[in-house]
Amino acid sequence: MDKWLNRATDNKSTSENCSVSSASKLESASQDVNNPMKIRKCLRKYDPEYINIGFTVIDVSNEPRPQFVICFEILSNQSMKPSLLKRHLSTKHSTLENKPNDYFVRKLLEMKSTKKIISSFSGSTEKAVEASFLVSLRIAKCGKPHTIDEELILPAAKDMVTCMLGVPSAKKLDMISLSNDTVRRRIESMALNVKEKLIDQVKNSDFFSIQLDESTDVSNYAQLMVYVRFVFQTVIKEDFLFCEALSTRTTADEIFKKLNHFFVENGLNWKKCVGFCSDGARAMTGKHGGVATKKKLVTENCTFIHCSIHREALVVKRMPEPFKLVLQEAIKVVNFIKSRTLQSRLFTKLCSEMGSDHIQLLLHTEVRWLSRGRMLSRLFELHSEVQLFLGETNFELKDKLTDNLWITTLAYLSDIFNRLNVLNLSLQGKSINRFSMNNKIKAFIKIIEMISNNVSNENLQSFPNLEQFVTEHELQVEADLIKKHKTSL
């Protein structure tokens, strides 16, 4: 120590020693460059606790670097600090700041199992994987078979690229994997990702509501469909939660068992479910054993609401017998022409020769409430063509098309069901809520009352088809029957 203190007092010795010290530092630095072991000592090490903020470790050129398990972004080794890693989480993924440790651990396992580490791919391989996902997404949206990739899409893409860019560019498309199994895995991976994002958004919402519907598909299997509405970033969002088949019975026990199993499996909190909407089926709304009653056992804050559209559809089915008879006969007339291929072709030819605006009738489906109004409107527009066509057949209802009273009733039904279709469409959509639906139904009731008063005064402006037919044939309308129907509505 005395030696260094003595040297510090000597200016000349100090300058000489500084030059010597600088030279020794340069020599030491050159030795460190040639010695990779000394450089590795300066690298920051990964702490397993970093997974709590969403970061794992990946080796890049023998250098440990942090990688985020959500966006797969790889940071520099100098960013291996909790403060810098948290900055990435808060600035780019602010919605994930309050996520538990299990969430990031699950994402890490998913990343390893599905091999989605995009940074591990290089150049064209990465683009080929991305192209495979994009094509698989389009196939899923269109509902096409998975084999359409190899049979149509890829050969067509090669033909277009060969024609426009040449053979070398077309050969690069061979790197895109589009086999049947690959497309299936791509679609399943994307579907799983969408499902997890939706469930995370529902979990983060303070409360949510669900809507249930049980129906039978074309293969005679009962399907339980569940929709969810929740608050996401101060905006009410609605999405399709899940659809599962009911393998045996469609009782309230089976429906609630499926619903509860999905909630428990995905960690959804029943206490946050504040609304439950469904139709009036006994399995859904039974006082002692319905799904709504069973939900009360797990959450007391949940309120049941009868679906407004379904309730309105049930009311529409109630109509006076003369109107119901005309509706049934109109369906038989359409089915007589549409259900027979020869009759359908002949009717199309007749409409084309007569220069009609339409050349086909429309079928009515009971489960599609809009089809009733459209079918009646199309039949009324083509009633002259139908009358001419049925005149040459032995159809039992062909005389109905020559009955002015029958056609007058048909015109009224087409007008009133068109108004009901407009109401049905206005009650649908993601931006519609209980209050707006209530206001629209109340407004429609007032319109019905106004129309009923107009009919009493022989004012038919609210029914364009009926007014046109009555004016052309100078007929009288049974106002009492129309008012009775308005009252029931």
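The values are calculated or read from the model by the stated rules, or taken from the named source; none is laboratory data. All values reported here derive from a predicted model rather than from experimental measurement. Positions of Cβ are generated from backbone atoms using ideal geometry, with glycine treated the same way; all protein chains shown enter the neighbour counts. The accessibility values were calculated without ligands, DNA or RNA, using every heavy atom of the protein model including side chains. Shrake-Rupley method; radii C 1.70, N 1.55, O 1.52, S 1.80 Å.
Computed quantities for the displayed model
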{"item": "Close pairs from the stretch 458-486: first within 15 Å of Ser414 (Cβ to Cβ), partner part of a loop (DSSP other than H, G, I, E, B) and open to solvent by 80 Å² or more (accessible area, probe 1.4 Å), Cβ under 7 Å, at least 6 apart", "result": "Glu467/Gln461"}
{"item": "Residue that is modelled with the highest pLDDT, among those in the stretch 29-70 that are among the polar types (S, T, N, Q) and open to solvent by 50 Å² or more (accessible area, probe 1.4 Å)", "result": "Asn52"}
{"item": "Sole residue being of a type in the set (Asp, Glu), closer than 23 Å to Leu327 by Cβ and open to solvent by less than 30 Å² (accessible area, probe 1.4 Å), chosen from Asp415, Asp403, Asp399", "result": "Asp415"}
{"item": "Residue that is open to solvent by 50 Å² or more (accessible area, probe 1.4 Å) and in contact (Cβ under 8 Å) with a residue 40 or more places away in the chain, where the choices are Lys324, Lys257, Lys237", "result": "Lys237"}
{"item": "Tabulated pairs, the stretch 384-395, first closer than 12 Å to Leu361 by Cβ, second at pLDDT 85 or above and β-branched (Val, Ile, Thr), C-beta under 7 angstrom, 6+ apart or interchain", "result": "Val386/Val333"}
{"item": "For Gly280: the one exception among (1) under 15 Å from Phe304 (Cα atoms); (2) at pLDDT 85 or above", "result": "(2)"}
{"item": "Gln428 vs. criteria open to solvent by 50 Å² or more (accessible area, probe 1.4 Å) and assigned to a loop (DSSP other than H, G, I, E, B)", "result": "yes"}
{"item": "Output for the stretch 77-98, where each listed residue is touching a Leu at 6+ places or on another chain (Cβ under 9 Å), in a loop (DSSP other than H, G, I, E, B) and either open to solvent by 30 Å² or more (accessible area, probe 1.4 Å) or touching a residue at least 40 places away in the same chain (Cβ under 8 Å) (or both)", "result": "Glu97"}
{"item": "Number of the exception - Leu192 against (1) more than 30 Å from Leu152 (Cβ to Cβ); (2) of a type outside the set (Gly, Ala, Ser); (3) open to solvent by 70 Å² or more (accessible area, probe 1.4 Å); (4) assigned to a helix (DSSP H, G or I)", "result": "(1)"}
{"item": "Count of the stretch 271-282 residues which are within 18 Å of Val231 (Cβ to Cβ) and surrounded by fewer than 16 Cβ atoms within 10 Å (Cβ to Cβ)", "result": "2"}
